[in-house]
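Encoded as structure tokens, the structure appears first; notes follow it.
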Amino acid sequence: MKNYLITEFEYFTSLEKAVTQKNFYFFSSPSNSFEFFACGKTKRFQSIDKTDLKQILESIQVKNFLNLSAVQIPFLIYYQKFPDKIKEPIWSNFETSNILIFEYIYIRTKDNFYKVEFDKELFHLNSENHSTIFCQIDDSLTTPENIYFQMLNRGISYLSSGKLEKIVLCRREVIDFDYCKITKILSKAKSTYQNCNTILIKNGQSAFLTVTPETLIKKTGGEIFTEALAGSIPADVDNQRLNELLRTSKNLKEHTIVRDFILERIQKFVNSVSYNEIPEIKKLRSVYHLQTPIVAKLLDDIDHEELIFQLFPTPALSGFPKETAINLISELENFERGFFGGFSGFITLNGDWDFSVCIRCALIKENKALLYAGGGIMMDSDPELEYYETEAKLLAIKGLIKSEL
């Protein structure tokens, strides 16, 4: 692996070229404190368990190493679809699980710009070169309002029967899109939603964009950060309605289900956990969420993938009980979520991780974007309010795209 210090001009010139390539990945952290993009050839891996990670790291020889000890160097890019029972041609360019090394990584920190080049020998065997199928997005993929209300009412009836406590249901909307504007959209996403991660995944003629406020799991050294982010209200409310977010039984119960699920699932992987019993309010541009940050100390020698998939997908994007909710989601929605409700992120050379839940998002193909938005449904949910909540969530990504057309 070779590392170079490059100029700001070289970084942004390379970014403009990279977004046109077949394989491309972009990540920007909150407040633009760290971002990178990956391009060039790719190599796929089957898993990220402890043995595989060790073998991958040992295969990477570090050459011409600059003073990058304080800089995260992503080397393994990971993106995972929601576990749908239904598959659609529009998502066929993406595998269910994608664990890749890219040939080139360009990194931007607050002070410097770097280029990382992995040894070409890594890509001689088992490189990504499979053919892709193109299937255009058309307006018929938009979920009609009456169909979504039918979906909500059926979901509430399942909840009333006692089969589950919570289910997350989403809908889709197709809007026009100009891929030539993608770098402008990425720049606006970073400046408009500074408390979110901005991620773009491209394979062939398909791309996926998410501007997400939700962390699935982040590891730094021997400590992990995760969060319960559930219970929402549109941002265009007065202070009284905002305070109700912390008092409404529907929102509090929905949030507690997610928090307790996370705490139970990480229990065998950690030796201490820190969180507050009373949730905070996370204020975003279009939606406010109840949030409980959770920090924990990891035990030694854990299985990385087992921990991730103990959490994924949390009830914040599926429901509870999780397995029952996932089965009902496919039945009620009758379409493939793809990366909506999935996760994406990276593992660094020093073994840290940063994985985000994919919400506030869109699948992009040529001149169309397919937007996804959902909400947690409880037995006492009001379908009108749930629909209004998805409208507010769609605005986050719709505003970015439409403002640049």
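The values are calculated or read from the model by the stated rules, or taken from the named source; none is laboratory data. Because the structure is predicted, anything quoted here is derived from the model rather than measured. Backbone-built Cβ (ideal geometry, glycine too); neighbour counts: all protein chains shown.
Below is a table of values for the structure above.
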read-out: Subset tally (residues that are of a type in the set (Gly, Ala, Ser) and either assigned to a strand (DSSP E or B) or modelled with pLDDT of 65 or more (or both)) for segment 43-100; value: 3
read-out: Matching residues, segment 376-405, being within 20 Å of Leu209 (Cβ to Cβ) and not hydrophobic (A, V, I, L, M, F, W, C); value: Thr390, Glu391, Lys393, Lys398, Gly399, Lys402, Ser403, Glu404
read-out: Filter result for Ala235 (modelled with pLDDT of 95 or more and out of contact with any Gly (no Cβ under 7 Å at 6 or more places or on another chain)); value: no
read-out: Verdict on Asn327 being within 27 Å of Arg154 (Cα to Cα), more than 12 Å from the chain's Cα centre (by Cα) and surrounded by fewer than 24 Cβ atoms within 10 Å (Cβ to Cβ); value: yes
